[in-house]
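Notes follow once the structure below has been shown.
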Amino acid sequence: MANTDSEYADGYSSTEQGTPAQSRTKMMLSAGIGHFIEWFDFGLYGTLAAIIATNFFASGDPVIGLLKSFAVFGSGFLMRPLGGLFFGSMGDRQGRRKVLVTVIVITSCSTFVMGILPTWHQVGVLAPVLLVITRLVQGFAAGGESSGVITYLAESAKPHRRATLTCWSENFSFMAFVCGSGLVLFLTHTLGESAMNDWGWRIPFLLAAPLGLGGLYMRRNMEDSAEFQKLKVSGKLEKSPLRKSFSTSSRALLFCTGFVVVKAVSSWVLQSFMPGYLSTHLHYSKTDSYLITTLGLLSVAVCMPFTGYLSDIWGRRPLMLMGCGGFILLTWPAMLVMSQGSVGSSIAAMSMLGVFVAMFNGGCGAAMVELFPTAIRYGSIAIAYNLTVAVFGGVTPLAAASLISFTGDPLSPAWYVMITALISFIVVWLAKETAGKELD
């Protein structure tokens, strides 16, 4: 789609007419494939946390090693608010495309480096130090990713199809988790657990290099969103978008933060906590653990397009409330089923939780976008999203594992999910419906 000054002078508006369907598809694929690669890279650590624990931490107790590995996992999230501040401001001042190109380069390079890091047995304490540094770099780059893709897609959609399009940002991330978990499952089955623990774990990280080059090619050829181009042509870009956000949109920031609480916790419970939990605490084999996790994540990816579509029909609040309600009522029973030792029943329980994730996330992206005007949208979402993910999402695997160690109850992580779901339920209940509104 070629956006010129004359087009805007003639009254073209993406919120009124929508970006042409062919261009929307191209934008969705360009942004989405990059998003897939970004979260394939970032999510690998969580999937391989149990194996990383044995290679980077000196501990004879696998539970203690897993706790240390989850602590490093959380360290990457500590950098996300800083990345959100930096990249969010850049996205509002210089454009969505430039940031999305930058973050995929940084993430791919740091993920590749993780695949060639020396282990504890090779360099001792230097190994976890280097691991933490790579996670910090990953986290800084991730601070500009999700908020940027959601913003970019929403600004290219018709008002009554906004969730249908933005939900693909979430869908691509969960497809990335499925592929990452599926690849680890395949390698574990093919190489055997011994070889996978020894050297096979490096293979998924090394794939970041070719995947990153492909994502870079796709994003370099993207055009910026129609809404941002229109704003740029009008000369109404904010010189200090973050200051403007805090001074004019504090209430919207609070609502956005409340939305993200259960979104962050539920996503990272399924993707990062479950593989290590199933193998270490519930004593499933690593192959079965990866199988259960992979199919649970697949249920999210399958359901997400439908929940996004339904959010455009029914509104954001109904789907988001149903997702929260499902977590509040059924997380503990689902984990009880998993503790019984049946692979089939565990797959069903994980898939049910995946459906609740899809319900909430189907409309959440569009709901966040609709809280803010174009001039401060990227930075505002980045601030609220990344701060909440750092506080709740990043510590989720560590908090859940620590609850088990503290209480001795393998089902105690369910209460963490249920409480955070209640927080988001209350916030969504208090929020106004925004489906179908004009962005500005």
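Observations on the model:
- Unmet requirement for V260, which otherwise passes all of (1) touching a Ser or Thr at 6+ places or on another chain (Cβ under 6 Å); (2) free of Cβ contacts under 8 Å to residues at least 12 places away in the same chain: (2)
- Complete set of residues in region 128-150 that are in a helix (DSSP H, G or I) and in contact with an Asp or Glu (Cβ under 9 Å, 6 or more places away or on another chain): Q138, A141, A142, S146, V149, I150
Here is a yes/no grid of residues against (1) of a type outside the set (G, A, S); (2) in contact with a Ser or Thr (Cβ under 9 Å, 6 or more places away or on another chain); (3) at pLDDT 90 or above:
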| position | (1), (2), (3) |
| --- | --- |
| G354 | no, yes, yes |
| M368 | yes, yes, yes |
| G394 | no, yes, no |
| Y416 | yes, yes, yes |
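- Failed item, numbered, when V125 is tested on (1) modelled with pLDDT of 90 or more; (2) surrounded by fewer than 24 Cβ atoms within 10 Å (Cβ to Cβ); (3) of a type outside the set (G, A, S): (1)
- Verdict on A195 being touching a residue at least 40 places away in the same chain (Cβ under 8 Å), in a helix (DSSP H, G or I) and not β-branched (V, I, T): no
- Candidate set: region 55-79, residues that are modelled with pLDDT of 75 or more and among the polar types (S, T, N, Q); chosen: the one surrounded by the fewest Cβ atoms within 10 Å (Cβ to Cβ): S75
- Scanning region 223-253 for residues that are within 22 Å of the chain's Cα centre (by Cα) and open to solvent by less than 10 Å² (accessible area, probe 1.4 Å) yields a total of 1.
- Scope region 136-150; condition closer than 14 Å to R377 by Cα and of a type in the set (A, V, I, L, M); matching residues: V149, I150
- Scope region 213-222; condition open to solvent by less than 60 Å² (accessible area, probe 1.4 Å) and either outside any helix (DSSP H, G or I) or of a type in the set (S, T, Y) (or both); matching residues: M222
- In region 281-338, the residues that are surrounded by 22 or more Cβ atoms within 10 Å (Cβ to Cβ), among the β-branched types (V, I, T) and closer than 26 Å to A50 by Cα: I292, T293, T294, V300, T331
- Inside region 399-440, residues that are free of Cβ contacts under 8 Å to residues at least 12 places away in the same chain and among the acidic types (D, E) make up a count of 1.
- If only residues of region 155-191 that are charged (D, E, K, R) and not in a loop (DSSP other than H, G, I, E, B) are counted, the one that is surrounded by the most Cβ atoms within 10 Å (Cβ to Cβ) is R162.
- Residue check for G365: touching a helix residue (DSSP H, G or I) at 6+ places or on another chain (Cβ under 7 Å) and either at positive phi or assigned to a helix (DSSP H, G or I) (or both): yes
- Look at region 362-378: where a residue is under 19 Å from L85 (Cα atoms) and a partner is of a type in the set (K, R), sitting 6+ places away or on another chain with Cβ atoms under 6 Å, you get I376/K244.
- So S266, is it over 23 Å from I328 (Cα atoms) and out of contact with any strand residue (DSSP E or B) (no Cβ under 6 Å at 6 or more places or on another chain): no
- The set of residues from region 352-384 being more than 18 Å from the chain's Cα centre (by Cα) and closer than 30 Å to L295 by Cα comprises just one member, M352.
- One residue stands out among those in region 254-280 that are surrounded by 24 or more Cβ atoms within 10 Å (Cβ to Cβ), of a type outside the set (G, A, S) and over 30 Å from I381 (Cα atoms): the one that is modelled with the lowest pLDDT, which is Y277.
The values are calculated or read from the model by the stated rules, or taken from the named source; none is laboratory data. As the structure is a prediction and not an experimental result, all values here were calculated from the model. Cβ atoms come from the backbone with ideal geometry, glycine included; neighbour counts cover every protein chain shown. Heads up: the accessible areas ignore ligands, DNA and RNA and are worked out on the full protein's heavy atoms, side chains in. Shrake-Rupley method; radii C 1.70, N 1.55, O 1.52, S 1.80 Å.
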